[in-house]
Amino acid sequence: MDFDQLIRGFLALLFVLGLIGGLTVIARKFGFTVRPSKINTTKNNNLSIKEVMNIDAKRKLVLVKNKEIEHLLLIGEKDLVIHSGNNSSEKII
């Protein structure tokens, strides 16, 4: 491999990384990403999202707390309440 090809490959890599970084900045500016700071977890509110887990491209598990009761929700094509209870240490089977 010539030195010229090595420099070209390195510059192409820098260009692609710059494009990815630029698209990330644009996506954040226009709100295409979810920032953890936007999730409301203050103690003054009764409703809060405690945790979110992606299952696949279409489904998510969401743990929501309403006052002292926690609800485990499956969000996707059909929304389901998987578990609802006031004790967060209960085992879900």
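The values are calculated or read from the model by the stated rules, or taken from the named source; none is laboratory data. Quick caveat, the model's predicted, so the values are computed rather than measured.
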Next item on the list: Sort out which residues of the stretch 25-44 are at pLDDT 65 or above and not in a loop (DSSP other than H, G, I, E, B), and write them in order of number.
Entry: VAL25, ILE26, ALA27, ARG28, LYS29
Check: Pick from LEU14, LEU47, LEU80: which is at pLDDT 90 or above and among the hydrophobic types (A, V, I, L, M, F, W, C)?
Finding: LEU14
